[in-house]
Each structure stands twice: as structure tokens, then as C-alpha cells.
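Below: one structure, written as C-alpha cells.
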Amino acid sequence: MHMDMCVHVRETGLGKSTLMDTLFNTKFEGEPATHTQPGVQLRSNTYDLQESNVGLKLTIVSTVGFGDQINKEDRFWKGSGHLPTLPFSYKPIVEFIDAQFEAYLQEELKIRRVLHTYHDSRIHACLYFIAPTGHSLKSLDLVTMKKLDSKVNIIPIIAKSDAISKSELTKFKIKITSELVSNGVQIYQFPTDDESVAEINGTMNAHLPFAVVGSTEELKIGNKMMKARQYPWGTVQVENEAHCDFVKLREMLIRVNMEDLREQTHARHYELYRRCKLEEMGFKDTDPDSKPFSLQETYEAKRNEFLGELQKKEEEMRQMFVQRVKEKEAELKEAEKELHEKFDRLKKLHQDEKKKLEDKKKSLDDEVNAFKQRKTAAELLQSQGSQAGGSQTLKRDKEKKKGWSCSGLQAYWPSLYPRLVASPCFWSGPHPACFSPAAAYSMSLLPLTAVAQP
């Protein structure tokens, strides 16, 4: 026998692992969950259990991180009649359940099916753990159970029910049942159509949701060893129906209604998914004229419809591509035009600057030429002035070198004059005025021949 069980817990630390170990009297191995998970992660583990001659292949799917890290942007307003959408909390769970349905559907649609050996991974029961607050359900609980009630058999459980008193627990159960009904959440009801189990299932339906306590520790109570939890104020016996509903849960889930859970999963939840999926694919039981449905005609019609839509999308994409190409060409032409205009502006600006520089160069050249002309003229005038001054100086020098007249000599040197005149040579030295009185006196004492020397 095979059974898949999906265990949901609103938050980490509600005793899920302990309860599962107690429920199946087995120590299931698994990594402990923490409150730091970034999102909801589903962990699936399959175990082969054996009790006497009965074998059970059990798959437990744990929703790690559910209720720990969620997006609380959407709020739930009681009395509004509308439930918010919290995709980051229940979406991974819904997708996992749908994936198992899809895998089974694909196996059914095969030409050669081997369903008798196929590993059925569909979820047959969901134990939804509720925190023992004693007040009311969280909005997350209501939203999640509403999304799951059409996909899986939900069995609500109040975890760690020994945390609240018996009177508070009774009121809490009534409050939970009322909120589930008012919000349209359909939980799993034990079947009462079979006379052999109608009475016990009817009684158990009145005890929903089950208030349970889990413990793998065995204590000696009286003369027996029993699973219990020891507290300073007393002991809570797990299998004592006066203390909790653990025995009721075990009887209903494993011994009485396990096969009904499997049938409900296949006949109700899977069939609903299968019908919706086939209708999405275009398959129907009858055509618009209420005539028998032809699978071949539906396939051809669906194929033609698909090809038509594909051709339409292809044409739309082609037109969109052509339009984008035209827009791009227009943008490129506009950019090219702007570049040409900018080039023309820069070219004209360059020509203007070049012309200004040429004009300035010409002006500077004219100024340089004029300066050179003025310089040449000045040098010419200076040269002419120098030549004229040199001629006058030369003339004066010649006059000085010329012999003195007799009147001149007589006037300067009256005592020397008679001797010079009588001398056979002619005086050609410097003018007597050029000599100092001492020199003149000395010359008067010299012989005439000495004085007459140049």
C-alpha cells in the first residue's frame, strides 16, 4: 500500500516531526528546520514501513519555512468576504501538488500505460498544523486552506494542545470550525455512507480539528511504559484520549479511512484537475450540437487553431519588425542629416577662421614691409649724414696739414718766423696753436732744421 502525506505547518517549531514519529512509531530521519529560510521549500522523503504482514510505502512532504518568512503586504479583513492573495506562501505548495497531478495525467495519456507499477506521488492527505493560540485562525491559515481544499484532503490539527487549558481548547475548536465554514473552506470529512464505519466517522467528525500531543519519550505510568510528556505539574499521556486526540487521529488516518483518502484524491481532486486541464487543451465530452465527442476532430480543430494563431503571431511579428526597421532607418537618416549640418557649420566656421587669420597675416606682413622701408630710409639718411660729416672733417684735416701762411706764422711765433722764413725747408707741421706754451718755447730753442721736421 502506498500513501503520500503532505504536512503543513504555519511556522517552525510546532512539533511536526515529533508527531509524525509518534504517529507511525518510527524515527524518521531529516534535517531540522530553522526560522531563517528565505522562502518555502518542500522536502520529500519516502519510507518503507512494515507492521506484522502489512507493508506501507509512506512519503512525507514537509513545507520548510512555511509561515516564517512571508510577504505580508496583503491583509485579510474579516467580514469583507474576500481572501487576499499571498503567492509567496502557498504558491510553492499548490505548484507541487499540481506537478504530481500532471505527472499522473501524462502517464494516463500514454499509449502504453503501466499504472499498476507506476509510483503514484499524488498527495492523499494534508495534516494542517494550527498554532495553539486559543483565539482564532491566522489569515495565512484561511488563505492557504482555501487554496488547497480543492486539491488535497485537509485534516486540521491543533498542535501542542497541552499548551492551553481544556476549556480554552473547546472554545478554540468551535472558533476554528466557525471560521472555516464562514470562509468556505472545505476540510476532509470522514465518510458516513458506509454503515460499517458510519457511526465512528460521524463521531470523529464532531471532534475536528483534532487536538494532539506528540512524544517519543516513554515513561513508566503504573505498571506500563507509555508515551508521555513530563511537566513539573504532571504528565500528559499521548495515547490517553482524556488528555488529547492523538488516538482518534491515528485511528481515522491509518486504520479506518486510509483507503478512502486515496479514493477521494483520485475521484475528486485529481478528476477536477484532469477535467480543467483537458478543457484548457480544447477537449470536451460533447460538441455544441450535443453530439458525441470525436477526439480526432478535436485534435485537428485544435491543431488548425494553433497553426492559425501561430501564423497570426508570425505576421504580427513580421509587421512589427518592418515597422521597427522603418523607424530605425528614419532615426538614422535624421542623425545623418544632423551630422551633415554640423559638418557644414564646422566647415564654414573653419573657413571664416582661416580667412581671418590670412587677413591678419597680410596686415602683419604689410606692417613688417613698411617698417623695413622706414628702417632702410633711416639707415640711408644716417649714411648720408655720416658721409657729409666725414667730408667736412677730411677738409679740416687737409687744412691743418697744409703749410701755415707767413702771416699766421708771424702772428703765432714772431720770434721764430724770421728763422723759418730763412730756412731752406718749409714748415708743414701742425699749427703752432696746437702746442702748449712750454712746447712752443721748447721748439723756439730747437734748431730750425729740427723744428721744420714734420
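The values are calculated or read from the model by the stated rules, or taken from the named source; none is laboratory data. Please read these numbers as outputs of a predicted model, since none were measured by experiment. FYI the Cβ positions are ideal-geometry reconstructions off the backbone, even for glycines, and counts take in every protein chain you see.
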Could you say which residue among Ile174, Ile111, Ile157 is surrounded by 16 or more Cβ atoms within 10 Å (Cβ to Cβ) and either of a type in the set (Val, Ile, Thr) or on the phi > 0 side of the Ramachandran plot (or both)?
Ile157
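Conditions (1) without any contact (Cβ under 8 Å) to a residue 12 or more places away in the chain; (2) under 22 Å from Lys16 (Cα atoms); (3) under 57 Å from the mean Cα position of the chain (by Cα); (4) not in a loop (DSSP other than H, G, I, E, B), marked per residue:
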residue: Ser178; (1), (2), (3), (4): yes, no, yes, yes
residue: Phe190; (1), (2), (3), (4): no, no, yes, no
residue: Asn201; (1), (2), (3), (4): no, no, yes, yes
residue: Val213; (1), (2), (3), (4): no, yes, yes, no
Suppose we filter the range 215-236 for residues that are over 20 Å from Gly15 (Cα atoms), in a strand (DSSP E or B) and among the hydrophobic types (A, V, I, L, M, F, W, C); how many remain?
2
Can you confirm whether the range 281-304 contains a residue that is at pLDDT 85 or above, part of a helix (DSSP H, G or I) and farther than 22 Å from Gln106 by Cβ?
yes
Residue count for the range 142-167, restricted to those that are in a helix (DSSP H, G or I) and within 37 Å of the chain's Cα centre (by Cα):
7
Any residue in the range 273-285 that is more than 12 Å from Phe101 (Cβ to Cβ) sitting within a Cβ distance under 8 Å of a residue that is among the acidic types (Asp, Glu)? List the pairs, counting only those 6 or more apart or interchain.
Gly282/Glu305
Options Met281, Met226: the member that is over 30 Å from Ser165 (Cβ atoms) and hydrophobic (A, V, I, L, M, F, W, C):
Met281
Among the listed residues Val368, Val421, identify the single one that is at pLDDT 80 or above and β-branched (Val, Ile, Thr).
Val368
